[in-house]
Amino acid sequence: MTDLSWLKERLPSEAVGDTPDLRAEYALDDVTPAAVIRPSEAQGIADTLRWASDRQLAVVPWGGGTQQAAMPAPTRYDVALCTTRLNRVLDYEPAELVITVEAGTTLAALSDVLAPQGQFLPITVATPERATIGGLIATNAAGPERLRYGSTRDMVLGVTVALADGSLIRGGGRVVKNVAGYDLTRLFNGSWGTLGIITAASLRLYPIPPVRRTVAVRCTSWAEAQTIALRLYSSRLGPQGLAIAPIDTEEAGVPPVDLFVRFGGPSATVARQIAETQAMASVEGAQADRILEGDQEETLWRRLADPSLHAPGVHLQANVLPSRVVEAVRTLTTVAEVHGWPSRSWAHVGAGTVLTVWDAPPEPSLVGAVHSARERITTMGGWLFVRRAPRRAPPLDHWGETTGGALPLMRGIKARLDPAGILNPDRFIV
């Protein structure tokens, strides 16, 4: 049993919990932590990490928990360290388009603060009421609008991070151009909670477009949708999002797909962009007469951010060149067909991201199937990782191998910042 007395002396009583019901809320597969720590101050996060490091206790950082399934279940799991009580706005300068918030602030709560000023953080996720800023940075989240705005990495100006030794460090700052010293901010972007726990971040904001519209282009095939998407991608129209989604149909033959094209800006500009998109689609023989706006449009893009959120099976993400999206879809579909598994795919074309679900049982053949799919995607110059796997599935290689000789450097950084190896052990590449 983990001795929590040291923490109970330093943290408020409500921050330290080890009741069975609370621990069960933070279980990963069949692994349950011995304690759940929920500080309300950054120093409490740092103190907990120092305490855990001294005792060689494995720590799983938690924000909203929306991306925990994207990592293998931990082999060691002593403490769930939750950031959701760190949810204050520390500084906001609307005129500078910069805000500093604590890491447990949810995307929905941040939007409520920014909307009255006509500003937003352009990251679209399926569950904004749960996704936290710290989690978005740690996983370098990138929604369907990455084509226009980039990923979370491109919006983070500075971070405060609690390290395993109990220290708090700051990287970057609160200005867009910050070039002094090493860019520690980028180091923690996409580190998946393995180097430290982000406690606060300064973010670059954008004005909310006056008008948002989405054109739904009905295409006869993935190839047709990709052709139109690539023409739009290389055009002067500047779409904010390009996504392909399958259509449920009982018709025989190749099922159709929808290409969704999102625009944002002044009303007249968006109207022109839509008209030119419709003309471009017509040349390819596709229909583009459905226009979405308002809540219907916003709901669509949230769904497209993670369209298979609640689907059973194995969830895969392949990142390839936009011109090879169809090839990646065919590859992942073919591997599933070999095993007799139904599959469905979606794509964020502008970012070259393919999301595929294999409706596969948790059987040993999954290991070989993932390996085969990864090899084929790699030959395209792409990368494949497992976003989710069913409970009791055989151990899968979620990440694959890093290339370019970076692994020794990554191991060196991990050893320097987390020498006891307590942060998300055995859940990431290093």
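The values are calculated or read from the model by the stated rules, or taken from the named source; none is laboratory data. Just so it is clear, the structure is predicted and the values come from calculations on it, not from any experiment. Glycine gets a Cβ as well: all are built from the backbone with ideal geometry, and neighbour counts include every protein chain shown. Accessible surface areas use protein heavy atoms only, side chains included; no ligands, DNA or RNA. Shrake-Rupley method; radii C 1.70, N 1.55, O 1.52, S 1.80 Å.
A few points about this structure:
- Spans of helices (runs of 4 or more DSSP H) in the stretch 287-388 with at least 1 residues surrounded by fewer than 19 Cβ atoms within 10 Å (Cβ to Cβ) and touching a His at 6+ places or on another chain (Cβ under 7 Å): 365-379
- If the condition is being modelled with pLDDT under 90 and closer than 17 Å to Leu49 by Cα, then the stretch 384-430 contributes no residue at all.
- Residue within the stretch 405-419 that is part of a loop (DSSP other than H, G, I, E, B) and surrounded by 13 or more Cβ atoms within 10 Å (Cβ to Cβ) present: yes
- Within the stretch 109-132, the residues that satisfy the criterion of being hydrophobic (A, V, I, L, M, F, W, C), without any contact (Cβ under 8 Å) to a residue 60 or more places away in the chain and open to solvent by 30 Å² or more (accessible area, probe 1.4 Å) are Ala109, Val113.
- Filtered residue count, the stretch 37-63, keeping only those that are outside any helix (DSSP H, G or I), touching a strand residue (DSSP E or B) at 6+ places or on another chain (Cβ under 8 Å) and either at pLDDT below 95 or open to solvent by 50 Å² or more (accessible area, probe 1.4 Å) (or both): 1
- Selection within the stretch 70-89 - open to solvent by 50 Å² or more (accessible area, probe 1.4 Å) and either under 22 Å from Ala131 (Cα atoms) or of a type in the set (Ser, Thr, Tyr) (or both): Thr75, Thr84, Arg85, Asn87, Arg88, Val89
- Matching residues, the stretch 97-108, being surrounded by fewer than 18 Cβ atoms within 10 Å (Cβ to Cβ) and without any contact (Cβ under 8 Å) to a residue 60 or more places away in the chain: Ala108
- The stretch 330-342 residues that are under 11 Å from Leu366 (Cα atoms), paired with ones that are of a type in the set (D, E, K, R) (beta carbon under 9 Å, 6 or more apart): Val335/Arg376; Ala336/Asp359; His339/Glu363; Trp341/Asp359
- Within the stretch 256-276, considering residues that are crowded, with 23+ Cβ neighbours inside 10 Å and β-branched (Val, Ile, Thr), the one nearest to the chain's Cα centre (by Cα): Val261
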